[in-house]
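Okay, structure first, notes after.
Every number here is computed from the coordinates shown, using simple stated rules; none is lab data. What you see is a predicted model, and the numbers here were worked out from it, not measured in a lab. Here the Cβ positions follow ideal geometry from the backbone for every residue, glycine too, while neighbour counts run over all protein chains shown.
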Amino acid sequence: MHPIRLRGPWNIHPADAPHNGRTFAWNTQLAEVLAGIAPGEKTVLSRHFNLPTGIGGTDRVELMIQGLPPTSVRLNGVMLDAVHSGHESRFELTTRLQSRNLLEIDWMRTAEDSACDQSTTREVRLEIHPADQHP
């Protein structure tokens, strides 16, 4: 498996105000950014990325989101189905990737949410699984 971390730049904005956002770095500023969101406020985190190079015709590409339970996830405007396991969500992307892609993660903070905790591990990455490593 070959991981590609999607660390930044990310954009965040209220779900009802897409032009009222800001840019941040996932790995260094996410907890601070999320802490400024009121419980119950619907938020969209988004990031563009290009088609990874070197993907073979039989390789499988997944998106993995850890430590930030999404309400929903879209790739290029299409809602993705997830497989959830603990604090991790996985999405199959192989047939949906384009040369330029837009990833959107809908999230709503709850009063009990630990996503703002500095000690919570949060990561978003693409995982390229070669044909000989498919489950």
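For N20 and T71 in the same chain, what is the full-extension length gain: residue separation times 0.36 nm, less their Cα-Cα distance, in nm?
16.3 nm
Using helices alone, what [θ] at 222 nm do you get for the chain, with -39,500 (n - 2.57) per DSSP H run of 4 or more residues, divided over all residues and rounded to the nearest 500?
When only DSSP H runs of four or more count, the value is -2000 deg cm²/dmol.
On a full-extension model of 0.36 nm per residue, what is the gain between T95 and A38, subtracting their alpha-carbon distance, rounded to one decimal in nm?
Once the chain is fully extended between T95 and A38, it gains 16.9 nm.
Kirkwood hydrodynamic radius, computed over distinct alpha-carbon pairs, for region 16-56: how many Å, to one decimal?
12.8
Express in nm, to one decimal, how much length is gained between D106 and T53 on full extension, taking 0.36 nm for each residue of separation and deducting their alpha carbon distance.
Contour length minus Cα-Cα distance gives 16.4 nm.
If eta is 1.002 mPa s and T is 20 °C, what Stokes-Einstein diffusion coefficient results for the chain, Kirkwood Rh from Cα pairs, in µm²/s?
For these conditions, the coefficient is 139 µm²/s.
How high is the FRET efficiency from H2 to V78, r the C-beta distance, R0 30 Å, rounded to 0.05?
0.80
Sort R100, R7 so the one with the fewest other Cβ atoms within 10 Å of its own Cβ comes first.
R100, R7
About the Cα centre, and with charges only on the beta carbon of Lys, Arg (+1) and Asp, Glu (-1), how big is the dipole of the chain? Nearest 20 debye, please.
400
Taking amide H positions as placed in the peptide plane 1.01 Å from N, state which residues far from S72 in sequence (5 or more) or on other chains have amide H under 5 Å from it.
Placed amide hydrogens put D106 under 5 Å from S72.
Residue by residue through region 66-75, which ³J(HN,Hα) values in whole Hz follow from phi under the Karplus form 6.51 cos²θ - 1.76 cosθ + 1.60 (θ = phi - 60°), with glycine and proline marked x?
Working through the residues one at a time gives 10, x, 9, x, x, 6, 7, 9, 10, 10 Hz.
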